[in-house]
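The values are calculated or read from the model by the stated rules, or taken from the named source; none is laboratory data. No experiment lies behind these values; they were computed from the predicted model shown. Don't worry about glycine lacking a Cβ; one is built from the backbone with ideal geometry, like all the others, and counts go over all protein chains shown.
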Amino acid sequence: MALENTQTGSVINQKMGIQKKIAILSGVSQTTVSFVLSGKGTFPESTRTKILQAAKALKYKRRHSPEKTKKAARKKGRPTLGLFWQNTLFEPFKDSFFQKIFEGIMFSCIANQLDISIKSIESDSNVDRQLKSFDAAIIMHTNGTYNLACQSRGTPLVTVFGDPRDGSNTMASVNINNQAATRIAFEHLYAMGHRRIGYMSPSLTGHSVMDRWEGMEECFLRYGLVPDPAWTTHHHYNGYFLSGKINLNRIWQAEVKPTAIVAYNDMTALGMLEEARSLGIRVPEDLSIVSLDNIYESETSSPPLTTVDFDLKEIGARAVVLAHDLFRNPRTTPHVVLEPRLIPRQSVCRIHQHDLQYA
């Protein structure tokens, strides 16, 4: 049943915030409620009493500030780690790539007896303010991440997937060798006899996208192959999966078709597999595919994807260990670059007469 202030006639909507409800029930402004509940300001005793009675009636419990939470954890001997994710708090739970990293972070926090608080990156100034509430922090790279780091004002910080070439080498980081990943994918296809090799990636923006393309370019040059523009796409649509579908359809309209394609990541390759089925393309008999990342779905697809693994859980675990080390010794600036490895499955076959040996 809805609550009502009988003097003002204002009705409390259950969707309102708790302080707004207290303000309506006690007949004062929300600002006054905020000051009284936080113990700030000077107000008549009658006003304080009304607010506190309303708060009790609504079963209000005051939340501790991030700084007090941090101090409480310190009393228990546990540092508090802040984890800042790009765009949305729930990203690690709906994206397999980030899910693996998140699992590594959580397991490492448990192993190292660290408290953790997950935050969403809203704006540069917002993150800078929140960083002060933690003993150390991990930030998943976005544009401006390193600027945030410079403004952290003493909070030990580890960046994940940041670009070390932007001049911010004074911050600890965990990264992956993207150029080596596409080299591994290309060289596997070349070793299996493929020479008509294509590449599918998003638009050429961002250091990871550029690094992976540079790895491909290096291989084309090293092995004396010329990348055919009809087999190479840099178009990104609404998500990697859809991009894989649309771009394969475009590539397959070429008069001379590739025998193999390196996909920017597994989600792109999964979209390619679906489009291949609709076009009657047999994978790997008609088209071999190698992708990158080794997310969970790459192992259960049909066929299972040959992919390049970055050990995403280890990326998360390493970031936590670095952050913990920095908390204990802030003078160090470690940089970790994880090397990729090939995971052979069933989306690649050898080009040699009618030999369709899987790799």
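What the table below lists for this structure:
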{"quantity": "Near pairs, Cβ below 9 angstrom, 6+ apart or cross-chain, from the stretch 198-213 (on the phi > 0 side of the Ramachandran plot) to any residue that is of a type outside the set (A, V, I, L, M, F, W, C)", "calculated": "G206/N143; G206/D163"}
{"quantity": "Failed item in (1) basic (K, R); (2) farther than 27 Å from E103 by Cβ; (3) surrounded by 16 or more Cβ atoms within 10 Å (Cβ to Cβ), with R331 passing the rest", "calculated": "(3)"}
{"quantity": "In the stretch 255-274, the residues that are part of a loop (DSSP other than H, G, I, E, B) and under 25 Å from P340 (Cβ atoms)", "calculated": "P258, T259, Y264, N265"}
{"quantity": "Residues located in the stretch 106-142, provided they are assigned to a strand (DSSP E or B), modelled with pLDDT of 70 or more and under 18 Å from the mean Cα position of the chain (by Cα)", "calculated": "I116, S117, I118, K119, S120, A137, I138, I139, M140"}
{"quantity": "Verdict on A180 being within 21 Å of A254 (Cα to Cα) and buried (at least 16 other Cβ atoms within 10 Å of the Cβ)", "calculated": "no"}
{"quantity": "Given (1) modelled with pLDDT under 80; (2) among the acidic types (D, E); (3) farther than 22 Å from C109 by Cα, index of the condition E45 fails", "calculated": "(1)"}
{"quantity": "Count of the stretch 240-274 residues which are surrounded by fewer than 16 Cβ atoms within 10 Å (Cβ to Cβ) and closer than 17 Å to H194 by Cα", "calculated": "1"}
{"quantity": "Test: V321 is surrounded by fewer than 22 Cβ atoms within 10 Å (Cβ to Cβ) and over 22 Å from the mean Cα position of the chain (by Cα)", "calculated": "no"}
{"quantity": "Among residues of the stretch 68-105, those that are assigned to a helix (DSSP H, G or I), surrounded by 15 or more Cβ atoms within 10 Å (Cβ to Cβ) and at pLDDT below 75, counted", "calculated": "5"}
{"quantity": "The stretch 275-296, residues that are crowded, with 16+ Cβ neighbours inside 10 Å, charged (D, E, K, R) and in a helix (DSSP H, G or I)", "calculated": "E275"}
{"quantity": "Members of the stretch 259-294 found to be in contact (Cβ under 8 Å) with a residue 40 or more places away in the chain, under 22 Å from N178 (Cβ atoms) and not hydrophobic (A, V, I, L, M, F, W, C), listed by number", "calculated": "Y264, N265, D266, T268, S288, S291, D293, N294"}
{"quantity": "Which listed residue, of A276, A323, is modelled with pLDDT under 95 and among the small types (G, A, S)", "calculated": "A323"}
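Okay, residues lined up against (1) surrounded by fewer than 16 Cβ atoms within 10 Å (Cβ to Cβ); (2) among the aliphatic types (A, V, I, L, M); (3) at pLDDT 95 or above; (4) outside any strand (DSSP E or B):
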{"residue": "T159", "(1), (2), (3), (4)": "no, no, no, no"}
{"residue": "S168", "(1), (2), (3), (4)": "no, no, no, yes"}
{"residue": "S173", "(1), (2), (3), (4)": "no, no, no, no"}
{"residue": "Y190", "(1), (2), (3), (4)": "no, no, yes, yes"}
{"residue": "G193", "(1), (2), (3), (4)": "yes, no, yes, yes"}
{"residue": "S208", "(1), (2), (3), (4)": "no, no, no, yes"}
{"residue": "G215", "(1), (2), (3), (4)": "no, no, yes, yes"}
{"residue": "V226", "(1), (2), (3), (4)": "yes, yes, no, yes"}
{"residue": "N238", "(1), (2), (3), (4)": "yes, no, no, yes"}
